[in-house]
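Every number in this text was worked out from the coordinates using simple rules, so none of it is lab data. Quick caveat, the model's predicted, so the values are computed rather than measured. Virtual Cβ from ideal backbone geometry, glycine too; neighbours counted across all protein chains shown.
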Amino acid sequence: MTKPLTSSFSPTTLARYVRECLTTAIAATDRVIQRPHPTAEDLHDLHRNLRRLRTLTGVAARVGRRAGRRAWPALDGRLRRATQLVGEVRDLDVALTLVDRFLGGSPPSESNEDSALWTLRRRLRDDTRTGRELLRATLRAERQGGLFEEVAVALGGSITAPTTEAIARGLEEERRLLERSARRARKRSMRRPSPERLHEVRVRVRRWRYLSDLQDALQGTPSSTFPRRLASIQRRLGELHDRDVLAQQLDALDPNHRREPWARAFHEEHRRMRHELIRELKGLHLRHHRTVRGVSDRPAPTGSQPRARHRPATRRTNARHR
């Protein structure tokens, strides 16, 4: 017998949570627009808040009534473009930070000022400056164009459901879909690991985590039930992605840069981090056993079930039923 559903899964409560995410994203956007030189932390906060908003508004639209879903594709496209632009500028910031770390604060000299690392540093500084100007102009245009106000209106028209149980079941189904998506991305990345496939694992796990946080908040769970090990892997995959971006920039700038001592140190650290994460992902089971209160958890798809330990007995049983 399941426990009775609480009112926390009502459309009003769900809308309130998503609107709080919207308010946080608006504040982060305005902070970047208003500051002539937004910091790397400003961009990081904005990137995270826009990604969370995209995930949760999409979930809310799918869980709600069909009548409120028509506006979401266009709005999601605008949010996606803004998020991608923030991410590109943030990648430049992180690459510049990594370059400065390997330079160790040493000033350029006649012997090294033309090296790939110093050349890349000058290019990154120019690109981050130009990227910030373009980003602030784009965000200002979206604010003046009423992007967030349209998102708020669409939320009011979509987060409705006939019953509290329908909301709870819809969120649980979304969680299962995101969980299976993360498992498939992990499986693909293990068949042929590549920066793109490992980054896709990170993206899928991150969306799953955002939804898990939403369910926890609606149920009043005191702390997140999202697996800590998976959250740690998500963070480390982000650090690996930062190094993947820098490695690609270095290779494009000077394919022969690997002969330099700093390059050997960087690429050795990069390889070690990548191998450790791949090894950990191979032994990781992306299965999160949880049930929303009052909503029974259905069995996972057959393909995700663990193999039976007693194979001989299973075969004999199957033979008798043929």
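Positive-end ranking of Leu46, Ala217, Ala252 along the dipole of the stretch 7-288, with charges on Cβ about the Cα centre, is headed by Ala217.
Take every pair of alpha-carbon atoms less than 8 Å apart whose residues are at least six positions apart; their mean separation over the length of the stretch 7-288 yields a relative contact order of 25 percent.
Backbone phi angles across the stretch 271-282, fed through the Karplus curve with coefficients 6.51, -1.76 and 1.60 (θ = phi - 60°), yield HN-Hα couplings of 5, 4, 4, 5, 5, 5, 5, 5, 4, 5, 5, 4 Hz in residue order; Gly and Pro are listed as x. Rank Ala182, Met273, Gly131 by how far each Cα sits towards the positive end of the charge dipole of the stretch 7-288 (+1 on Lys, Arg Cβ; -1 on Asp, Glu Cβ) and give me just the farthest. Positive-end residue among those listed: Ala182.
Going from the fewest other Cβ atoms within 10 Å to the most, the residues Val86, Val203, Val99 appear in the order Val203, Val99, Val86. Footprinting exposure proxy ranking of Leu46, Leu253, Leu218, fewest other C-beta atoms within 10 angstrom first, gives Leu253, Leu218, Leu46. If R0 is taken as 45 Å, the Cβ-Cβ distance between Ala74 and Leu103 corresponds to a FRET efficiency of 0.50. Remark: Val94, Val205 ranked as Val94, Val205, counting other beta-carbon atoms within 10 Å and listing the fewest first. Across the stretch 7-288, counting alpha-carbon atoms alone, Rg and Dmax equal 21.1, 73 Å.
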